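First up is the structure itself, then whatever we jot down about it.
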Amino acid sequence: MNSVSLEEVLAYNNSDIPARFIKIYGVSEEEAQVLFDDVKRWLWLANKVSVDKVNSSVTIDQSIIVIDEMWHNFVLFTKEYVGFCQKFFGRYMHHAPFAESEKKQMEDKFKDMTTSEKKSYLMDQKRWQYEFVYDHLGQDTFIRWYKEYPKRYSAMALADKLHATEKERHDTKLAAIRERIKDQQNANTESETDSTSDKQDQRKSA
């Protein structure tokens, strides 16, 4: 595991990655770039937890689900993602859903807890992560992740953006097909008109 500065990680860029996200969700170039930078921040933070041997882990919850979506988008650029991880962290940073084994451990932990104790435990977990994010990524990032993103990029909002973008893409393709059909029909009409005109000219000549 490598210890690397956040500035070095943020200096990495690849325009293809935010561009693909724009095509899927229809966000602006500025939004996509900020989200891509936030994924780099997240990966740096997750690596820092390991490097500093912190007895905990950072997790993506519903508040920052959009970061998970951009992370998944990055992973799909396999060669680039592997190269990024190796260069900055010296290892592959796995992107994986909440494992069944982890769910089982959580269920076992909660089994004998009261509702109040469960809430307290979860708040303690969140509080640690909030403090870690704030301390190492700063106030602006903290506010963006946990105040702005839940409103702007909720799971429902992302689904709506995805649907709207797909509809726009479908409508654009449909319009292009209709235009091609119209052009072909016009060309056929012109051909038939020319053919009729030629025949009339031939009759006059005869």
Checklist outcome for this item: Filtering the stretch 1-51 down to residues that are farther than 19 Å from Q129 by Cβ and among the small types (G, A, S) yields S3, S5, A11, S15, A19, G26, S28, A32
Checklist entry - In the stretch 8-33, how many are closer than 19 Å to L162 by Cβ and in contact (Cβ under 8 Å) with a residue 12 or more places away in the chain? => result 11
Checklist outcome for this item: The correct count of residues that are modelled with pLDDT of 95 or more and of a type in the set (S, T, N, Q) in the stretch 48-74 is 1
Checklist entry - When the residues of the stretch 111-159 are filtered to those that are of a type in the set (K, R) and over 22 Å from Y25 (Cβ atoms), which remaining residue is surrounded by the fewest Cβ atoms within 10 Å (Cβ to Cβ)? => result K111
Checklist entry - Conditions: (1) buried (at least 19 other Cβ atoms within 10 Å of the Cβ); (2) assigned to a loop (DSSP other than H, G, I, E, B). F21 meets all but one. Number of the miss? => result (2)
Item to check | Among the residues listed as T78, T141, T172, T165, the single one being among the hydroxyl-bearing types (S, T, Y), farther than 29 Å from S50 by Cα and modelled with pLDDT of 80 or more | outcome: T165
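Counting just the residues of the stretch 69-86 that are charged (D, E, K, R) and in contact (Cβ under 8 Å) with a residue 24 or more places away in the chain, which one comes out surrounded by the most Cβ atoms within 10 Å (Cβ to Cβ)?
Here is the first cut: in the stretch 69-86, the residues charged (D, E, K, R) are 69, 79-80.
When the remaining residues are screened for being in contact (Cβ under 8 Å) with a residue 24 or more places away in the chain, the result is 69, 80.
Details: E69: 20, E80: 15.
The qualifying residue surrounded by the most Cβ atoms within 10 Å (Cβ to Cβ) is E69.
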Next on the checklist: Name the residue that is nearest to W42 (Cα to Cα), counting only residues in the stretch 138-182 that are among the hydrophobic types (A, V, I, L, M, F, W, C) and touching a Phe, Trp or Tyr at 6+ places or on another chain (Cβ under 8 Å).
Outcome noted: F142
Checklist entry - Just one of the numbered conditions (1) without any contact (Cβ under 8 Å) to a residue 24 or more places away in the chain; (2) surrounded by fewer than 13 Cβ atoms within 10 Å (Cβ to Cβ); (3) over 16 Å from the mean Cα position of the chain (by Cα) is not true of H163; which one? => result (3)
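The values are calculated or read from the model by the stated rules, or taken from the named source; none is laboratory data. All values reported here derive from a predicted model rather than from experimental measurement. Neighbour counts are summed over all protein chains in view; Cβ atoms, including those assigned to glycine, are modelled from backbone coordinates with ideal geometry.
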